[in-house]
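S.K.: Dumping the structure here so I can ask a few things about it.
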Amino acid sequence: MVFHVNDASSQKQRAALKNISNLLAEMPEIPVELVVQGDAINLVVSNETTLAQELAALQQQGVVIAVCHNTMKAKGVTEAELLPGMTIVPSAVGELVRRQRQGLAYIKP
């Protein structure tokens, strides 16, 4: 499964993380990736996020968190500012296409 967040709202971000958590509780064997782009960059910036613990817990369950490099560049965010363990991808759109071509289902909470 590939989940996509691009909204700055912590409420929407929290809902997406809850969706992932619920999916893993039901189907722990499913590979899951969360693609973060646009205004949702605040989700993965260490001094801005309110959901660091939730993200770390999902990472411990094998969730890959892919951060859009194009967004980082546009928003002036450096790799050092990200939470630990983030995977930087060239573009969120490209990553979403790649993952869907590999057979992952797309969910945008």
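S.K.: Taking the conditions exactly as written (at pLDDT 95 or above, open to solvent by 10 Å² or more (accessible area, probe 1.4 Å) and assigned to a helix (DSSP H, G or I)), does residue 16 satisfy them or not?
M.R.: On the way: at pLDDT 95 or above: yes; open to solvent by 10 Å² or more (accessible area, probe 1.4 Å): no; assigned to a helix (DSSP H, G or I): yes.
The answer is no for residue 16.
S.K.: Quick one: residue 10 ticks every box in (1) open to solvent by less than 70 Å² (accessible area, probe 1.4 Å); (2) modelled with pLDDT of 95 or more except a single one, so which number is it?
M.R.: With (1) open to solvent by less than 70 Å² (accessible area, probe 1.4 Å); (2) modelled with pLDDT of 95 or more applied to residue 10, the lone miss is (2).
S.K.: A further question on this structure: Is it true that some residue in the stretch 51-68 is within 13 Å of residue 13 (Cα to Cα), touching a helix residue (DSSP H, G or I) at 6+ places or on another chain (Cβ under 9 Å) and of a type in the set (S, T, N, Q)?
M.R.: The answer is no, given that none of the residues of the stretch 51-68 is within 13 Å of residue 13 (Cα to Cα), touching a helix residue (DSSP H, G or I) at 6+ places or on another chain (Cβ under 9 Å) and of a type in the set (S, T, N, Q).
The values are calculated or read from the model by the stated rules, or taken from the named source; none is laboratory data. All of these numbers come straight from a predicted model, not from anything done at the bench. Cβ sites come from the backbone with ideal geometry, for glycine too, and all protein chains shown count toward neighbours. Heads up: the accessible areas ignore ligands, DNA and RNA and are worked out on the full protein's heavy atoms, side chains in. Shrake-Rupley method; radii C 1.70, N 1.55, O 1.52, S 1.80 Å.
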